[in-house]
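These notes are about the structure you will find just below.
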Amino acid sequence: MATRVAMGNNKGGVGKTTVTVRVAEALAVLGKRVLVMDLDPQGNSSGRLGVVGDLGARTVSEAIKENRRGAVADSIWPCGWDAEYASRISVCPSTLDLEDRMSEAGVIGAYRRLAIALDGADDGYDFTLFDCPPSLFHLTQLALAAGPNAVAVTEPEYYSIEGALRFRAFVEAQGTNLSNPELHLIGVIVAGYDVRKPAHVGQLETLPETFGPLLWEPVIPVRTAIQDADESQLPLVAQKSEGGREARAWFGQLAERLIKATS
Ligand SMILES: Nc1ncnc2c1ncn2[C@@H]1O[C@H](COP(=O)(O)OP(=O)(O)OP(=O)(O)O)[C@@H](O)[C@H]1O
């Protein structure tokens, strides 16, 4: 089984997908084989990893629906990027159909369906990263039931930090309920830091006290190159600017931090 890591925050737009995709990219640069599970019906990590077009039934929604051991294997796509290391990245993509799985939330044991569908399917990977939706409800619970590690992603902004704290509290409280007593938060990643915003500067100072040793470095500042890579669905290696080079280095350090935290 791969080392499984769920990236979450129950506030939206805080950089979860960006961090998941760019840490996956950085892990692949370091030679790791990575499976990205897109658990957000918006399908943003699928698109940013170049998995676009008609996906037919080969999506994470279908794999969960099947409720069969290893079903994820039939929903795995290669990363669509033109980069040497992209061959080490695979994607289990989502579409809006993933919303349909929400109706199963009340079904006894349904929260285990992704863990069951992943069983054996991610054995060939070093890491499986789950890009969670901005919620603590069923789709996030499917990810948290599937693996022992969770990482909160937050902007240095009040409501985003509140969302990260709720995610941490949920992870700490729900492991047993999700049949995953090993579940724990291994880190907090701060993204989207805008030095021009006094509120960001102020909140950044409070974060070491709030999260203590769980706070990972480096903080990821806002860079046009990161947004451009996301919007053009390209790897960071395609961003030749200084910002692109900086971003590759920062995500590389976060990937190394993740490897250290899980080894
Ligand atoms: N460090 C950064 N520099 C510049 N743009 C960024 C950075 N981090 C994220 N963004 C941009 O901010 C927007 C929101 O980021 P992202 O999609 O990762 O958030 P999210 O938490 O996954 O959102 P959702 O909750 O909707 O899934 C995107 O347009 C992304 O490209």
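Residue-wise HN-Hα couplings along the stretch 210-217, as the Karplus relation 6.51 cos²θ - 1.76 cosθ + 1.60 with θ = phi - 60° gives them from phi, are 5, 10, x, x, 6, 6, 8, 10 Hz; Gly and Pro carry x.
Packing, taken as the mean count of other beta carbons within 10 Å per residue, orders the peptides 187-194, 32-39, 199-206 from highest to lowest as 32-39, 187-194, 199-206. For the peptides 250-262, 171-183, 116-128, the ranking by mean Cβ contacts within 10 Å, running from highest to lowest, is 116-128, 250-262, 171-183.
The residues of the chain have, on average, 42 Å² of accessible surface per residue, using a 1.4 Å probe with all protein chains present.
Other residues with beta-carbon under 12 Å from the beta-carbon of P93 carry, at +1 per Lys or Arg and -1 per Asp or Glu, a net charge of -4. For the chain, what class follows from the C-alpha gyration tensor (a ≥ b ≥ c being the square roots of its eigenvalues): rounded when a/c is under 1.5, otherwise prolate if a/b is larger than b/c, else oblate? Here the chain falls in the oblate category. Rounded to the nearest 5, the antiparallel percentage of DSSP beta bridges internal to the stretch 3-253 is 5%. Near M102, once Lys and Arg are set to +1 and Asp and Glu to -1 for all other residues with Cβ below 13 Å from its Cβ, the sum equals -2. The local environment of A199, defined by Cβ-Cβ distances under 12 Å, has a net charge of -2 under the rule Lys, Arg +1 and Asp, Glu -1. Once backbone amide H atoms are built at 1.01 Å from N, K197 has no partners under 5 Å, excluding neighbours fewer than 5 places away on the same chain. Extension gain, E205-A261: 0.36 nm per intervening residue step, less the Cα-Cα distance, totals 17.8 nm.
Taking all protein chains as present, what is the carbon and sulfur share of the accessible area of the chain, in % to the nearest whole number, probe 1.4 Å? Reported share for carbon and sulfur atoms: 50 percent. The relative contact order of the stretch 97-159, computed from alpha carbon pairs under 8 Å that lie at least 6 residues apart in sequence, is 38 percent.
The values are calculated or read from the model by the stated rules, or taken from the named source; none is laboratory data. Keep in mind the model is a prediction, meaning the values are calculated, not measured. Note that each Cβ is placed from the backbone with ideal geometry, even for glycine, and that neighbours are counted across all protein chains shown. Ligands, DNA and RNA are stripped out before the accessible areas are found, and what is left, the full protein with its side chains, is counted by its heavy atoms. Shrake-Rupley method; radii C 1.70, N 1.55, O 1.52, S 1.80 Å.
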